[in-house]
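**Student:** Below is one structure. I have some questions about it.
No value in this document is a laboratory result; all are computed from the given coordinates. Nothing here was measured: the structure is a model prediction, and the numbers come from that model. Note: ideal-geometry Cβ built from the backbone for every residue, glycine included; neighbour counts use all protein chains shown.
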Ligand code: NAD
Ligand code: UDP
């Protein structure tokens, strides 16, 4: 009786499948979807994710975790309304260590996730990236810029996998009439980032909290624009629920040099860390800032959380987990 009741209740809920849902962004998305009344199924092989990111959902009857590599055939034994494809190593340190897995999940994994969406008649959203612009020659980056990517460079495994992902997503839309969305995500930070994932935010904060030297790669004049995770997830949700078929930049246009960023982290943590300079990474983009006119116009979205506020929350998270 209870089971019947709960099945009936579950049927009336939209069902979302989140690939990569045990990762940083995926798990934050899962929390938002559950809050919005979705039933959520996470597919993740935990290659860069962490089960602790979804441990708080154990016992929630609207939540299901399937440990699986999404480059393999995906079988889901219930209706699905939305497929959010977030599975992929995302930090340069991770994808430099896992170049083949990165290429496979961006190509074969995207194909399987699209196949699932097609079979279920679900809407599909691809978590793409600002890396499709490579080391951009146009600044800030608009969605109609085609990019400057070195296909055989060290970052090529990630950039080209994501570019392929965008291409096959548009192909499924054009050939099968699938309702697809493409989010070009710019650097995002916040709680649940892996402390040792090598990205600049966890790397600088954890070094600062330990009063150890902070390593700036290159001269530190390269820029990034950091978006707080709650803003990003809000933009992703709005994109899925919109009618927008073309790629949309989701990120925060507030740009900062990496050297300035290191100083800000030192100041906000009250650290005694010194800044040291290391050789630049190959093909490291010199500048990155999203033009978010399309997101503003078509989604009515723009980020709300200023850098200092988001950083203080993130520092708090790392302080607790150090
Ligand atoms: P993350 O590493 O924390 O999460 C990725 C998740 O995907 C992990 O849980 C990992 O185990 C899972 N995964 C990887 N390969 C898989 C496979 N073959 N099968 C099943 N699961 C697999 O990274 P993140 O920062 O949360 O990034 C999530 C997505 O957003 C990625 O697609 C990434 O390219 C994209 N993105 C993130 C950022 C950012 O700043 N965080 C920027 C641009 C794009
Ligand atoms: N970076 C750095 N020190 C670090 C980690 C990163 O100076 O410990 C630099 C890196 O060279 C790049 C920027 O910070 O210019 C952002 O790097 P991240 O790995 O966060 O991601 P990316 O934006 O390059 O994908």
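**Student:** Residue 163 versus (1) in contact (Cβ under 8 Å) with a residue 60 or more places away in the chain; (2) crowded, with 19+ Cβ neighbours inside 10 Å: which is the lone unmet condition?
**Tutor:** Here residue 163 clears every test but (1).
**Student:** Okay, next question. Take the conditions out of contact with any strand residue (DSSP E or B) (no Cβ under 6 Å at 6 or more places or on another chain) and surrounded by 17 or more Cβ atoms within 10 Å (Cβ to Cβ) and apply them to residue 155. Does it pass?
**Tutor:** yes
**Student:** Counting only residues that are free of Cβ contacts under 8 Å to residues at least 40 places away in the same chain and in contact with a strand residue (DSSP E or B) (Cβ under 9 Å, 6 or more places away or on another chain), which one in segment 132-152 is surrounded by the most Cβ atoms within 10 Å (Cβ to Cβ)?
**Tutor:** Ranking the candidates gives 149 first.
**Student:** I've got another one for you. Here is a check on your reading of the model: is residue 254 within 16 Å of ligand 1 (Cβ to nearest atom) and either surrounded by fewer than 16 Cβ atoms within 10 Å (Cβ to Cβ) or more than 22 Å from the chain's Cα centre (by Cα) (or both)?
**Tutor:** Against the criterion (within 16 Å of ligand 1 (Cβ to nearest atom) and either surrounded by fewer than 16 Cβ atoms within 10 Å (Cβ to Cβ) or more than 22 Å from the chain's Cα centre (by Cα) (or both)), residue 254 qualifies.
**Student:** Pick out the one residue from 251, 270, 218, 235 that is touching a strand residue (DSSP E or B) at 6+ places or on another chain (Cβ under 8 Å) and over 27 Å from residue 179 (Cα atoms).
**Tutor:** After applying the criteria, what remains is 218.
**Student:** When the residues of segment 10-54 are filtered to those that are closer than 18 Å to residue 195 by Cα and not in a loop (DSSP other than H, G, I, E, B), which remaining residue is farthest from ligand 1 (Cβ to nearest atom)?
**Tutor:** Selected residue: 52.
**Student:** Exactly one condition in (1) in a helix (DSSP H, G or I); (2) farther than 21 Å from residue 84 by Cα; (3) touching a residue at least 40 places away in the same chain (Cβ under 8 Å) is not met by residue 283; state its number.
**Tutor:** Residue 283 satisfies every listed condition except (1).
**Student:** Return the residue satisfying two criteria in turn: it lies in segment 65-116 and is touching a strand residue (DSSP E or B) at 6+ places or on another chain (Cβ under 9 Å) and part of a helix (DSSP H, G or I), and of such residues it is farthest from ligand 1 (Cβ to nearest atom).
**Tutor:** Of everything passing the filter in segment 65-116, 114 is farthest from ligand 1 (Cβ to nearest atom).
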